[in-house]
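Have a look at the structure below before the remarks.
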């Protein structure tokens, strides 16, 4: 069994400032954090934000190669967690032929975002590494921030000398 996931974003580890890829199940009940490298985080952010470069980056080059050979990315699956290392596979199809490529989850996700391919994680991986998402806390925080934005006025801000940061709590 596998759970379809979506990219919730990239976070930073508070201790060592390492990027963390955060995946969530489609029901927003569980999150799967995966520590990744800075280059892979950059590639994922570029895909999430739809950034285009003048020259193809590595993941873009791979997508171009696959397209040139008429190979379709079917899905990616994060299938194992061993000794704090996640393992993923990219499923490809060319005509009637299917192939599976071993990949780092970060590279597989960067590719999936560029090809609009589903991202999956096995139940085994989810049981080992996922965290429950506190939807009620998220909703309460969103509502409080929305209320704050509704009530704020330009006159609430001060500029220049005399700004008293003691009132900030």
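Tabulated data
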{"read-out": "Residue within the range 58-65 that is under 22 Å from residue 32 (Cα atoms) and surrounded by fewer than 18 Cβ atoms within 10 Å (Cβ to Cβ) present", "value": "no"}
{"read-out": "Exclusive hit being touching a residue at least 12 places away in the same chain (Cβ under 8 Å), touching a helix residue (DSSP H, G or I) at 6+ places or on another chain (Cβ under 9 Å), surrounded by fewer than 19 Cβ atoms within 10 Å (Cβ to Cβ) and closer than 21 Å to residue 3 by Cα, set 80, 91", "value": "80"}
{"read-out": "Residues that are surrounded by 12 or more Cβ atoms within 10 Å (Cβ to Cβ), on the phi > 0 side of the Ramachandran plot and not in a strand (DSSP E or B), drawn from the range 1-31", "value": "28"}
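Read-outs throughout are calculated quantities, based only on the coordinates presented, and are distinct from any laboratory measurement. Treat the numbers as computed from the prediction; the structure is a model and nothing was measured. Quick reminder, even Gly has a Cβ in these numbers, built from the backbone with ideal geometry, and neighbours come from all protein chains shown.
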